[in-house]
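K.L.:
Before I ask anything, let me first share the structure, which is written out below as structure tokens.
Just so it is clear, none of the values below were taken in a lab; they were calculated from the coordinates. Quick caveat, the model's predicted, so the values are computed rather than measured. Positions of Cβ are backbone-derived with ideal geometry, glycine not excepted, and every protein chain shown enters the neighbour counts.
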Amino acid sequence: MSRKVQCVLLGAEADGLDRPPYPGELGQRIFENVSREAWQRWLAHQTMLINENRLTPFQPKARKFLEGEMEKFFFGEGSAPPEGYVDPDAG
């Protein structure tokens, strides 16, 4: 049986993650408040951020940037795409 969470992104109860997806306090907050579906949305957004900003995720500066965007995506005002980004799936 799946664990349920009140997802902060979807605004509804949904299947939760099996374990914290990220280390530390942020990972625990995500585990407690983010659904599997919302986590998948973040992974797609994170991939776009990495590609568009030409980030190397193992570099500390890139990790710090992505962690800040993750915080905003789930618990803040949202994480916006880079300036000038055109969604290939849009219209």
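K.L.:
By how many degrees, between 0 and 90 and to the nearest 10, does the Cα long axis of helix 24-33 differ from the longest principal axis of the chain?
P.N.:
For 24-33 against the chain, the angle is about 60 degrees.
K.L.:
Separate question: Dipole of the chain (Lys/Arg Cβ +1, Asp/Glu Cβ -1, origin at the Cα centre): which of Phe74, Thr56, Tyr85 lies farthest to the positive side?
P.N.:
Comparing the listed Cα positions along the dipole, Thr56 ranks first.
K.L.:
Now for a different question. Rounded to a whole number, what is D in µm²/s for segment 4-75 from Stokes-Einstein with the Kirkwood radius over alpha-carbon pairs (37 °C, 0.692 mPa s)?
P.N.:
It comes out at roughly 263 µm²/s.
K.L.:
At a Förster distance of 25 Å, what's the computed FRET efficiency of Arg3 paired with Glu71, Cβ-Cβ distance as r, to 0.05?
P.N.:
Working: r = 23 Å, r/R0 = 0.90.
With a Förster radius of 25 Å, E is 0.65.
K.L.:
Between Val86 and Leu43, what is the label-point separation in nm under the 7 Å Cα-to-beta-carbon projection?
P.N.:
About 2.9 nm separates the two model spin labels.
K.L.:
Just to confirm the number: angle between the C-alpha axis of helix 60-75 and the first principal axis of the chain, 0 to 90 degrees, nearest 10?
P.N.:
50 degrees
K.L.:
On to the next question. For a quick check of your reading of the filter: which chymotrypsin sites (Phe, Trp or Tyr not before Pro) in segment 4-71 sit in a DSSP loop and have no more than 14 other Cβ atoms within 10 Å?
P.N.:
Working: sites: Phe31, Trp39, Trp42, Phe58, Phe65; in loops: Phe58.
Sparse-neighbourhood loop chymotrypsin sites (Phe, Trp or Tyr not before Pro): Phe58.
K.L.:
Hey, got a sec? Which GluC sites (Glu not before Pro) in the chain land in a DSSP loop and have at most 14 other Cβ atoms within 10 Å?
P.N.:
Glu77, Glu83
K.L.:
Restrict the search to segment 7-91; then list the trypsin sites (Lys or Arg not before Pro) that DSSP places in a loop and that have at most 16 other Cβ atoms within 10 Å of their Cβ. Could you put the intermediate results ahead of the total?
P.N.:
Details: sites: Arg29, Arg36, Arg41, Arg54, Lys61, Arg63, Lys64, Lys72; in loops: Arg54.
Filter output for segment 7-91: Arg54.
K.L.:
Compute the acute angle (0 to 90°) between the alpha-carbon long axis of helix 36-52 and the principal axis of greatest extent of the alpha-carbon atoms of the chain; round to the nearest 10°.
P.N.:
Its long axis makes an angle of about 10 degrees.
K.L.:
What number, rounded to the nearest 500 deg cm²/dmol, is the helix-based mean residue ellipticity at 222 nm of the chain, given -39500 (n - 2.57) per DSSP H run of at least four residues and division by all its residues?
P.N.:
-15500 deg cm²/dmol
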